[in-house]
Amino acid sequence: MENLESDPERGVAFRQFAPTLCVLFPIMSELSKTYTPAEVEERWYAQWIADGAFTADPSRVSDKRPAYSVVIPPPNVTGILTLGHVLNNTIQDILCRRARMLGKEVLWLPGTDHAGIATQNVVEKNLKKQGAIKHRDDLGREGLVEKIWEWKEKHGGIIIQQLKKLGASCDWSRERFTMDPEYSRCVQRVFVDLYKKGQIYRGKRMVNWCPSSLTALSDEEVTMKPQNGTMYHFKVEVIEEPGTWLEIATTRPEVIPGDTAIAVNPKDPRYAHLIGKHVRRPLPLENQAELPIVGDEHVDFTFGTGVLKVTPAHDKADFEIAQRHSLPVIDVMNPNGILNELAGKDLGGMERFAARKRAAELLTEIGSMVKEELYQNNVGYSERADVPIEHRLSEQWFLKYPSVQPSQEVVAKGDMRFFPDRWAKVYDHWMGGLQDWCISRQLWWGHRVPVWTKTITILRFAELGLNEDATAHLTNDFNDWPKDGRNTTSLSLSATTPSELQTKKTFFRLDWDGESREQVIVSALTDCADEAAALNQAGFTQDPDVLDTWFSSWLWPFATMGWPNETADLKAFYPTTDLVTGPDIIFFWVARMIMAGYEYMGELPFKNVYFTGIIRDKQGRKMSKSLGNSPDPLELIASYSADALRFGIMRSAPLGQDIAFDEKNVELGRNFCTKLWNACRFRQMQGGEVESEVNPALLSSDDKWILLRLNTAINEVTTALEEYRFSDATSTLYRFFWSEYCDWYVEASKAVLQGTDDKRKANTVAVIDFVLGHTLRLFHPFLPFITEELWHGMGFNADMPENQGGKSIMFAPWPKPMDADEQAYFGILPEDEKTANDKYETVNLGRGLKSTFNISKKVRFVLKPTTELPAHEIEVIRILLNAEPLDVDAAFAAKKGTPAVLTPLGELFLPLDGIIDVEAERTRVAKELAKVDTELAKVKAKLADENFTSKVPQKVLDEHKHRESDWSAQFEKLKVMLEALG
RNA sequence: GCAUGGAUAGCUCAGCGGUAGAGCGGCUCGUUUACACCGAGUUGGUCGGGGGUUCGAAUCCCUCUCCGUGCACCA
């Protein structure tokens, strides 16, 4: 016992056995009859904050106290808590709380994301609703950004407060926002750095354009949606061959005015001979230009008519064809989706979908339309604005992804693990097909592109290309002046004049027109505010675009920890241990964080990535505002408690699958908390009678059974958590506490507690304390509030060192199962589980008998035992059976027709004097016999089969033989019983 | 089209080569001094269809159907 007590990792475990009970009892505060979660949850959260319980301290990290860290997936700063957040953050909280109990130094770093498009949209919409503005231009850039900051200050805290309600144990002293000054600095620094490395470039490209948000989007922000549309077939005549008509199929007749060619496949025998000839473009009517017929391999001649109209300004593929054939580009649409004057007088000024209808009418009117048919195709939608996107040629900033190879290998090699691991495949697949990332957005809310430009006229190019004006800004170190005919170069300057440009950190670049070489555009990039100001003063203009939100959040794991300085936090907590997030942002965020982590920290940002499922309603539909099927977590907390919500959602969240949310599970969580509360109250009511010594010899079979079941539960929960199987952990807890501890052990313990043997009583109470002390700790990560309340209410804290559970259960040691030595000390053998199980099985059968005969009152049972039973065991069975009395009589001779069942402990009779329904009993026994008969027949048939007995492993054969003898014994006894009934 | 996950009791799911399981629900009892947010009992399934491998298949293989997801995408 001594060595057990002195084990520091053991914690309360064995000290809870007897010796300390007399100490515990006086300081136990009485638990109220009902649990009041709202008050308790508020009180404990405030206490934890006051105690700084969530604050991480990197200086405490050591070999003995390893770091555990998680960065929160930053929610939208103006967002409100959804069930998705509840799921995600409950998991993170469980991981963090368990890590604390394992003695780790835990950092859960919280914060919010500025969420460019979403936030700007919300605020703009709101201002319009209030009538404050009609258009963002009414306020201008500065004004609107100011309004958004105001909004952020007012609403930015909401989701944080909601996370606190949930019990999230984040280190709020480290809360970050992606537009904090230091964070913004990181974003700029990374931009400048990648630019210098040649991985960021500016270019005029076809991009995804959102006509609603009026900005470019990355490929990831576009989702394809199947669409019921119309395929229009129209015909054009080949000018050089009058009478030869080509039929063209299109879904977008409104952009015909933007057509600059007709393309056919040169291998298509139907049309190859027409290449080089011309057709007349039908629209606009006043400008029916001649279009060349070009041959291009891209055209699939098995699709449609095999003739493709080429609209370079409005289609990616067409743009490429245009480039291959040097075709002009005619952009017929304004950024907002309204056709411009180039679309002609009929269509110009019309909204794109109205224009489509009108264009079809025009084609019909001029007799060009051949047919219109219903057609289903996929159309790209802007994920945010939920409108079809346009492909649009525009000047944007692009990033060639860094560090693709290493990060891919890392996942493949298993240096970083994905849970469930199938996401690694998805990740790899995406990494394999990377396109450059369009990172600029035409918005105002976000990190402005840290590039300034100024156009300078060059006077004396020949002598090194710069005039006085230019050299004033750009001096030495021209290391790459273009000798190779390229019209672009980069140069970095170690010093410049004017002196206000402290340019050690400013990076310059020249672009000029390769023909005239008279105009030079000087681009300056800096991540330093002073230099930015100097550039503005020197007449430079900053790029109006902002960066994609994900271009800032991909730095989250290290930019939040003080990068680029080598901070104590980075040293202690980077890379982070776990990342918990939804699979929907695997590309947006996870993959990019991996790349950024590699590029800037030379290391992975996290060791494990857990992907949650997506929360759906009972019908399997995604939660959405428009469907109104998304319950408000705060309301659920108000009705059921945060613990209940956490428990409910974890119970229904199996690894790797979507979650069908059902409020029933939250109700179940609430009920579970109540059960826990009442079970603790039951312990308290045993108050007084306490012995100071535990006597292993006094442990009953029930005690041993529950201790073994506890061991199993500890093992199961521990393994489940290690493997991120949260719902499995939850079901184990549920089963152990409710079905094993409450339903069997507590009931069985009443045999002692209601008896007169004080020594046994004390021992039983000690076992109860042992089990409850462990149970509360096992539950704590899931149910932080009620476990803390009970930990103190039951006085479990009183006996612990302050930093190991004395002050809070969250630092109490995580339960360890008893090892072999400990079990030996208490005389617990594995077979003890069977002893109790046999007893419970006997009780089950007896209860079944009672129920068959519709008896709910106390009633006499007689057991005809096969082995001798100690008095205590008999008393337990009596209590569990609610028998009054339970006679044990080896020589019992039952009257004919007395109901009886065969139990592991012997035959159990329910003597019903005078009211025996022989017929009913005969039916029951006959039914039982029939069942046994079928089972017996099955086993016999197998054993009779040579094929089976000769090929099966010995173990299986033995099992079957054993089964056969069991069934036959039962069969024989039942037969006798049936015969006795006549 | 290419990947990928799933289909087991009314519902949500576990089991993944050797007697089909759990929770919830349903039904029937029950005011036993922790708990009716409770207790006891009980009812539910040719494990999506079809083939195959095996002594033996919900479990392994093939194939089909249906749902979900990702990527690509043709007018």
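The values are calculated or read from the model by the stated rules, or taken from the named source; none is laboratory data. Keep in mind it's a predicted model, so treat the numbers as computed, not measured. Cβ atoms come from the backbone with ideal geometry, glycine included; neighbour counts cover every protein chain shown. Only protein heavy atoms, including side chains, enter the accessible area calculation; ligands, DNA and RNA are left aside. Shrake-Rupley method; radii C 1.70, N 1.55, O 1.52, S 1.80 Å.
Residue under question is A:A748, and the condition is that it be part of a helix (DSSP H, G or I) and surrounded by 22 or more Cβ atoms within 10 Å (Cβ to Cβ); does it hold?
Judged against the criteria, A:A748 is a match.
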> Which members of the range A:645-676 meet the condition of being small (G, A, S) and within 8 Å of RNA strand B (Cβ to nearest atom)?
Replying inline: A:S652, A:G656, A:A660
>> For a quick check of your reading of the model, give me the residue pairs whose first member lies in the range A:839-855 and is closer than 18 Å to A:I706 by Cβ, whose second is open to solvent by 40 Å² or more (accessible area, probe 1.4 Å) and more than 9 Å from RNA strand B (Cβ to nearest atom), with beta-carbon atoms closer than 9 Å and at least 6 apart or on different chains.
In response: A:K839/A:P904; A:E841/A:P904; A:T842/A:P904
> Mind checking which residues of the range A:562-614 are more than 18 Å from A:P406 (Cα to Cα), in a strand (DSSP E or B), under 15 Å from the mean Cα position of the chain (by Cα) and not hydrophobic (A, V, I, L, M, F, W, C)?
Replying inline: A:D578, A:T581, A:Y610
>> Just to be sure before I move on: is A:T934 farther than 18 Å from A:K850 by Cα, open to solvent by 50 Å² or more (accessible area, probe 1.4 Å) and β-branched (V, I, T) in the structure I sent?
In response: yes
>> Are there helices (runs of 4 or more DSSP H) fully within the range A:894-982 with at least 1 residues that are without any contact (Cβ under 8 Å) to a residue 40 or more places away in the chain and within 23 Å of A:F861 (Cβ to Cβ)? List them.
In response: A:918-944, A:954-980
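Specify which of the listed residues (A:L708, A:L699, A:L733) is farther than 12 Å from A:V771 by Cα, open to solvent by 10 Å² or more (accessible area, probe 1.4 Å) and either of a type outside the set (S, T, Y) or within 12 Å of RNA strand B (Cβ to nearest atom) (or both). Full working, then the answer.
Values: A:L708 fails: farther than 12 Å from A:V771 by Cα; A:L733 fails: open to solvent by 10 Å² or more (accessible area, probe 1.4 Å).
Sole residue among the options that is farther than 12 Å from A:V771 by Cα, open to solvent by 10 Å² or more (accessible area, probe 1.4 Å) and either of a type outside the set (S, T, Y) or within 12 Å of RNA strand B (Cβ to nearest atom) (or both): A:L699.
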>> Residue under question is A:V123, and the condition is that it be surrounded by 14 or more Cβ atoms within 10 Å (Cβ to Cβ), over 27 Å from the mean Cα position of the chain (by Cα) and among the aliphatic types (A, V, I, L, M); does it hold?
In response: yes
> Within the bounds of the range A:803-814, is there any residue that is surrounded by fewer than 18 Cβ atoms within 10 Å (Cβ to Cβ) and of a type in the set (S, T, Y)?
Replying inline: no
> Quick check, is A:Q619 touching a strand residue (DSSP E or B) at 6+ places or on another chain (Cβ under 9 Å) and either more than 8 Å from RNA strand B (Cβ to nearest atom) or in a loop (DSSP other than H, G, I, E, B) (or both)?
Replying inline: yes
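Go through the residues of the range A:402-423 one by one and say whether even a single one is hydroxyl-bearing (S, T, Y) and either within 14 Å of RNA strand B (Cβ to nearest atom) or open to solvent by 50 Å² or more (accessible area, probe 1.4 Å) (or both). Let's see the steps before the verdict.
Within the range A:402-423, the first condition is being hydroxyl-bearing (S, T, Y), and the residues that meet it are A:403, A:407.
Filter once more, keeping what is either within 14 Å of RNA strand B (Cβ to nearest atom) or open to solvent by 50 Å² or more (accessible area, probe 1.4 Å) (or both): none.
No; the residues of the range A:402-423 include none that is hydroxyl-bearing (S, T, Y) and either within 14 Å of RNA strand B (Cβ to nearest atom) or open to solvent by 50 Å² or more (accessible area, probe 1.4 Å) (or both).
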> Which of (1) within 25 Å of A:E907 (Cα to Cα); (2) within 12 Å of RNA strand B (Cβ to nearest atom) is the odd one out, the single condition A:K942 does not satisfy?
Replying inline: (1)
> When you look at A:S169, is it touching a residue at least 60 places away in the same chain (Cβ under 8 Å) and assigned to a helix (DSSP H, G or I), yes or no?
Replying inline: no
> All but one of (1) in contact (Cβ under 8 Å) with a residue 24 or more places away in the chain; (2) open to solvent by 10 Å² or more (accessible area, probe 1.4 Å) hold for A:L107; which doesn't?
Replying inline: (2)
> With (1) crowded, with 16+ Cβ neighbours inside 10 Å; (2) under 30 Å from A:D415 (Cα atoms); (3) within 19 Å of the chain's Cα centre (by Cα) as the list, and A:M623 as the residue in question, which single condition is left unmet?
Replying inline: (2)
>> If A:T923 satisfies all but one of (1) of a type in the set (S, T, Y); (2) modelled with pLDDT of 85 or more; (3) more than 23 Å from A:L886 (Cα to Cα), what's the number of the condition it fails?
In response: (2)
> Scanning the range A:35-58 for residues that are modelled with pLDDT of 95 or more and hydroxyl-bearing (S, T, Y), which turns out nearest to A:T787 (Cα to Cα)?
Replying inline: A:Y45
> Restricting to the range A:827-866, what's the tally of residues that are in a loop (DSSP other than H, G, I, E, B) and either within 13 Å of RNA strand B (Cβ to nearest atom) or crowded, with 18+ Cβ neighbours inside 10 Å (or both)?
Replying inline: 7
>> Of the conditions (1) buried (at least 17 other Cβ atoms within 10 Å of the Cβ); (2) more than 9 Å from RNA strand B (Cβ to nearest atom); (3) among the hydrophobic types (A, V, I, L, M, F, W, C), A:A638 satisfies every one except a single condition; which number is it?
In response: (1)
>> Looking only at the range A:288-319, how many residues end up being more than 13 Å from A:T260 (Cβ to Cβ) and within 42 Å of the chain's Cα centre (by Cα)?
In response: 5
> In the range A:320-330, is there at least one residue being within 14 Å of RNA strand B (Cβ to nearest atom), part of a loop (DSSP other than H, G, I, E, B), open to solvent by 60 Å² or more (accessible area, probe 1.4 Å) and at negative phi?
Replying inline: no
> With respect to the numbered conditions (1) open to solvent by 40 Å² or more (accessible area, probe 1.4 Å); (2) within 51 Å of the chain's Cα centre (by Cα); (3) not aliphatic (A, V, I, L, M), which one is the sole condition not fulfilled by A:K940?
Replying inline: (2)
>> Return the residues of the range A:531-584 that are within 16 Å of RNA strand B (Cβ to nearest atom) and either without any contact (Cβ under 8 Å) to a residue 24 or more places away in the chain or over 28 Å from A:G656 (Cβ atoms) (or both); say none if nothing qualifies.
In response: A:D548
> When only residues in the range A:680-721 that are at pLDDT 90 or above and not in a helix (DSSP H, G or I) count, which is farthest from A:K839 (Cα to Cα)?
Replying inline: A:L699
